[in-house]
Amino acid sequence: MKKFIAVLVSLVVLVSTSVMATPESDFGWKELQVPGTKLIGMTNRGEEGGEIAVICNTETHKLNVTYSADGKQYDLFAFRKFGMNDLNTSDRAGKFVVGLKTTTQGDVYYNVLSADKVFQVARFPIGSKAIYEKAIASLNPQQPKIDQEGSEYFLVGNDWKKLLGKLSAQCPVNKDANTPVI
């Protein structure tokens, strides 16, 4: 009996410690408002402490996506969702890249909306955007070799559809639908 009680107490301590270390309120999309600006948005913190934000400028109606980790803001990263829709063969096949000016607002909304459980951000070293832009400007036929620096996972959480609704009211999904903004 003493052994059973000791195991039970250990389990209770283990569960309560893990809940305290990672409370649910730390996970999922949260509303983002930048006081004194025309910016609204939503933000999410990853399992390694990085932060991704989907930001709408209510004056220009343009969307922006940022990712920062360890006090650095990355200029090139990829957003990838998981699930059955990853098997889709369309252009919106579960990911978008930020920093290459190839992503439309519709791509962002489509992928964030269909990432209903978890998503990943893969980051590339700061300065990677300039390396790609230089290769494009020089008409270099070979894609520059840039290794991924790391990645982290994010939980979607609750109420994200409401937050996306607020964003799309100010930064419409179909605003210049074929024009890359990110």
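Since every read-out is calculated from the coordinates, none of them should be taken as a lab result. All of these numbers come straight from a predicted model, not from anything done at the bench. Cβ sites come from the backbone with ideal geometry, for glycine too, and all protein chains shown count toward neighbours.
See the values below:
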read-out	value
Per residue, the convex hull volume that the Cα atoms of region 26-170 enclose (Å³)	128 Å³
Residue order, fewest to most surrounding Cβ atoms within 10 angstrom, among PHE82, PHE96, PHE124, PHE27	PHE82, PHE27, PHE124, PHE96
Fewest-first sequence of GLU149, GLU59 by Cβ atoms within 10 Å of each Cβ	GLU59, GLU149
Inter-label distance, nm, simple model (7 Å from Cα along the C-beta direction), ILE126/GLN142	2.8 nm
